[in-house]
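Here's the structure, in structure tokens; my notes come after.
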Amino acid sequence: MEKILIVEDEPAIAESVAYALKRKGFDVQIAPTLGDARQAMLAAPDLLILDLMLPDGSGFELIDEIAASGRGGSIIVLSSREDENDRVRALEGGADDYVTKPFSPREVVARVGAVLRRSASLTPAAKSTLPFTIDPDARKIAFEGHGIDLTRVEFDLLRLLTSEPEKVFSRSAMIDSIWGPGFALSDRTVDSHIKALRRKLSEAGGQSDWIETIRGIGYRFTLNSSSE
Ligand code: CA
């Protein structure tokens, strides 16, 4: 049973979403503040439904903390703010999806299902072909015995690219796979995550050109880089 944590200070919203999710068989917890959410995160929820405006701070703080910790789990952001900047900032910070209030609990349940299916469908490559190991359960990678801390999005991008080494993935295919089809996300968002990923691989002693830029299209993972 997948564990879902709802971080939301408005009881009516939290309870209606919790009720709808419990009916679908999810194990649901509610945290009305950031402080409560940090405690509840110790139970390693599979998915976080996160309000951005909380009594003791912003949901962005939690997004940043989770990204910095390299911890697994998906995030769906809830907000009454329709500001596109918030949406982009949440997605760039590692959120998987975004729902604007008011919404129906059914809509949230559908999005939870979609996000969980997406994260389960990113299959890891055969370990033997890669210079590092990928642990999909812990959502961690290790190179020559040393762990490399990746954000959720960096991990998912690396896992996607290494699922089929040598295959060229377009930026839009990457957005579809990581964030979901039809997400209005700029190509530069993908580029900035790839840039960070290359830097981390290279700092860990790997090679940044394992991820090759295919000009005008996207990226591929290759151990035989031919980049000029
Ligand atoms: Ca709120």
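Treating r as the C-beta distance of Glu203 and Thr133 and R0 as 22 Å, the FRET efficiency rounds to 0.80.
Of all aspartates and glutamates in the structure, those lying under 13 Å Cα to Cα from Lys200, and not within fewer than 8 positions of it along the same chain, are Asp149, Glu154, Asp209.
For segment 3-120, a Kirkwood hydrodynamic radius built from all Cα pairs, placed in the Stokes-Einstein relation at 37 °C and 0.692 mPa s, yields a translational diffusion coefficient of 237 µm²/s. Sorting the segments 168-176, 1-9, 212-220 by their residues' average number of neighbouring beta-carbon atoms within 10 angstrom, most packed first, yields 1-9, 168-176, 212-220. Rg over Rh for the chain works out to 0.98, both radii taken from alpha-carbon positions and Rh defined as the Kirkwood radius. Its Cα centre serving as origin, the chain has a Cβ charge dipole (Lys and Arg +1, Asp and Glu -1) of approximately 620 debye. Taking the Cβ-Cβ separation of Glu15 and Asp176 as r and a Förster radius of 41 Å, what is the calculated FRET efficiency to the nearest 0.05? FRET efficiency, Glu15 to Asp176: 0.80. Here the accessible area of segment 3-120 is 50 percent carbon and sulfur, with a 1.4 angstrom probe and all protein chains present. Once both labels are positioned 7 Å from their Cα atoms along Cα-to-Cβ, the gap between Asn85 and Ser186 label points is 1.3 nm.
The separation of segment 90-120 from segment 195-224, counted between C-alpha centres, amounts to 29 Å.
For segment 17-78, which trypsin sites (Lys or Arg not before Pro) are both in a DSSP coil and crowded by at most 14 other Cβ atoms within 10 Å? Please report the intermediate quantities before stating the final value.
Numbers: sites: Lys22, Arg23, Lys24, Arg38, Arg71; in loops: Lys24, Arg71.
Answer by residue number: Lys24.
With the other protein chains left in place, how much accessible area per residue, in square angstrom, belongs to the chain at a 1.4 angstrom probe?
Here the residues of the chain average 48 Å² of exposed surface.
In terms of distances greater than 28 angstrom between alpha carbons, the cross-link table entries Lys167/Lys195; Lys22/Lys195; Lys140/Lys167 yield Lys22/Lys195.
Projecting the Cα positions of Ala67, Val108, Pro131 onto the charge dipole of the chain (unit charges on Cβ atoms of Lys, Arg, Asp and Glu, taken about the Cα centre) puts Pro131 furthest along the positive direction.
Looking only at Cα atoms, what is the convex hull volume of segment 122-221 per residue, in Å³?
So the per-residue hull volume is 91 Å³.
The values are calculated or read from the model by the stated rules, or taken from the named source; none is laboratory data. Not measured: the values here are computed from a predicted model. Backbone-built Cβ (ideal geometry, glycine too); neighbour counts: all protein chains shown. Side chains included, ligands, DNA and RNA excluded: accessible areas come from the protein's heavy atoms. Shrake-Rupley method; radii C 1.70, N 1.55, O 1.52, S 1.80 Å.
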